[in-house]
Amino acid sequence: MPVFVVGGILVVAVAGLLFARSQSTANQPAVPVTVQGSPRLQVDQELIDFGQVPVGKMVTASFTLSNAGDQPLVFSHPPVPTVVEGCCPPKIVGGATTLQPGEQTTLSMEFTMNAGMDGPHDFRIGLQTNDPSQPSKELVVLSDWVR
């Protein structure tokens, strides 16, 4: 058999193996499925406390939400921050409305306070899901803006 034919067969075989390997890792869940028979909300952190922050500085709060169940996790409404203390709730960016088993999504809020908006701020993000073990979850973002 000519060398270029053998070389061509070898190239095709290696490409096929690489493609098959990439497909098998692409189908792997981002998080392990640990609960059978229902969805399960997992949150990487429930509280972010920035402490004292200089007025005018930009901060970003990010939460990673995951579905560790074997059923789809559905969020019943988009998350909206509530102001417990302070003012000017930031807009939440990102987040899927449904997470398949093993999937995850990120919610983030980027914000700053300007002169006259200093002092403590307490934002709460309520999550409502179809997870029977915790149908509601509250995430907290704290900051104390100083001049």
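The values are calculated or read from the model by the stated rules, or taken from the named source; none is laboratory data. Only a predicted model underlies this, so the values are computations on that prediction, with no experimental measurement involved. Don't worry about glycine lacking a Cβ; one is built from the backbone with ideal geometry, like all the others, and counts go over all protein chains shown. Please note that ligands, DNA and RNA were not included when accessible areas were found on the heavy atoms of the full protein model with its side chains. Shrake-Rupley method; radii C 1.70, N 1.55, O 1.52, S 1.80 Å.
Selection of the range 56-80 for residues being open to solvent by less than 40 Å² (accessible area, probe 1.4 Å) and under 14 Å from MET113 (Cβ atoms) yields VAL59, ALA61. Candidates in the range 106-135 are the residues that are within 24 Å of the chain's Cα centre (by Cα) and of a type in the set (A, V, I, L, M, F, W, C); of these, the one that is nearest to THR64 (Cα to Cα) is LEU107.
In this entry, VAL43 is excluded by the filter for residues that are aliphatic (A, V, I, L, M), in contact (Cβ under 8 Å) with a residue 60 or more places away in the chain and more than 29 Å from SER133 (Cα to Cα).
The set of residues in the range 92-131 that are touching a residue at least 60 places away in the same chain (Cβ under 8 Å) and loosely packed, with under 13 Cβ neighbours inside 10 Å contains only ALA115. Restricting the search to strands (runs of 3 or more DSSP E) fully inside the range 22-105 and requiring at least 2 residues that are over 16 Å from LYS137 (Cα atoms) and under 18 Å from the mean Cα position of the chain (by Cα) gives 59-67.
The lone criterion from (1) open to solvent by less than 70 Å² (accessible area, probe 1.4 Å); (2) of a type in the set (A, V, I, L, M, F, W, C); (3) at pLDDT below 90 left unmet by VAL33 is number (3).
When SER143 is tested against (1) loosely packed, with under 15 Cβ neighbours inside 10 Å; (2) more than 30 Å from PRO29 (Cβ to Cβ); (3) among the hydroxyl-bearing types (Ser, Thr, Tyr), only condition (1) is not met.
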